[in-house]
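The values are calculated or read from the model by the stated rules, or taken from the named source; none is laboratory data. Note that the structure is a prediction, hence the values are computed from the model and not measured. Every residue, glycine among them, receives a Cβ derived from its backbone with ideal geometry; neighbour counts consider all protein chains shown. Surface areas here come from the heavy atoms of the whole protein model, side chains and all, with no ligands, DNA or RNA. Shrake-Rupley method; radii C 1.70, N 1.55, O 1.52, S 1.80 Å.
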Amino acid sequence: MAIKSHVDANYRFIAAYQEINVRIAQRQQALTLYVTLMVSLLAALVALKPTVGGIAPPIEWLVLGFPVASLALVFLNYMAERAIANLRHFLSILEQLDNAHQSLPSYHIDPVWTIAANKARRFHVYAAATLVAGTNGIGLGAVIHIYPERIAEHPAIIILSATVALASFIMLLVIPRWSYRPINS
């Protein structure tokens, strides 16, 4: 005789919350990785500064690292936000089992809690957008200052890099649109 087993809703709730915490940690790690990449790119630009009479390195390729890293940060933040929103929706369904949300406080059902949480979480987006604007500005400024001749030969690299950096900045600010919202709000 086969024994049917199921996972209690409480365990599912705990597991989903653990997954949310993992996604939040991944978002923080993405910021750390981004800062590390940007500092490394900036250090490489400075370290590769040509000496008098020396051969200038192909910094055009290195410059593209700034917007590529920014775009990767956007993708990672979007992925995390969508995963968190999906998990929070799952938690809201669990909070409504047997109409428990009518007798117990429900973090994912009550718009008061959800809206406040989303407002607080937006500061992560602001931090990421500020980093993208600042690091790309510093990086592109350094390139223009250290390698003016190379940039004069390839202005499209700066235009492309600045355009992708600006698009990344805007996309980061749009990500909160995909935050979780209770169905009844």
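The GNM of the chain, with springs linking C-alpha atoms under 10 angstrom apart, assigns the highest mean-square fluctuation among 162, 152, 16 to 152. Solvent-accessible area per residue in the chain equals 61 Å², computed with a 1.4 angstrom probe and all protein chains kept.
With each label modelled as a point 7 angstrom along the Cα→C-beta vector, the residue 82-residue 146 pair spans 3.6 nm.
Between the stretch 148-185 and the stretch 101-134, the C-alpha centres lie 22 angstrom from each other.
Please give the peptides 122-129, 64-71 ranked by average Cβ packing (other Cβ atoms within 10 Å per residue), highest first, as a rough proxy for protection. If you can, show how the numbers build up before the last one.
Working: 122-129: 16.4, 64-71: 20.9.
My ranking of the peptides, most packed first, is 64-71, 122-129.
Within the listed set 120, 72, 133, the Gaussian network model of the chain (springs between alpha-carbon atoms below 10 Å) gives the highest mean-square fluctuation for 120. Rounded to the nearest 20, the size of the Cβ-charge dipole of the chain about its Cα centre is 200 debye, with Lys and Arg at +1 and Asp and Glu at -1. Between residue 31 and residue 89, what FRET efficiency follows from the Cβ-Cβ distance if R0 is 30 Å, with the result rounded to 0.05? Calculated value: 0.75. Using the Cβ-Cβ distance between residue 68 and residue 121 with R0 set to 35 Å, the FRET efficiency from 1/(1 + (r/R0)^6) comes to roughly 0.85. What share of Cα pairs, in percent, lie more than 20 angstrom apart in the chain? Here the tail beyond 20 Å accounts for 62 percent of pairs.
Over the stretch 101-185, the pair-distance histogram of Cα-Cα distances with 10 Å bins from zero comes to 16, 31, 21, 15, 10, 6, 1 percent, rounded to whole numbers.
Between residue 178 and residue 130, the FRET efficiency from the beta-carbon distance, with R0 = 22 Å, is close to 0.65.
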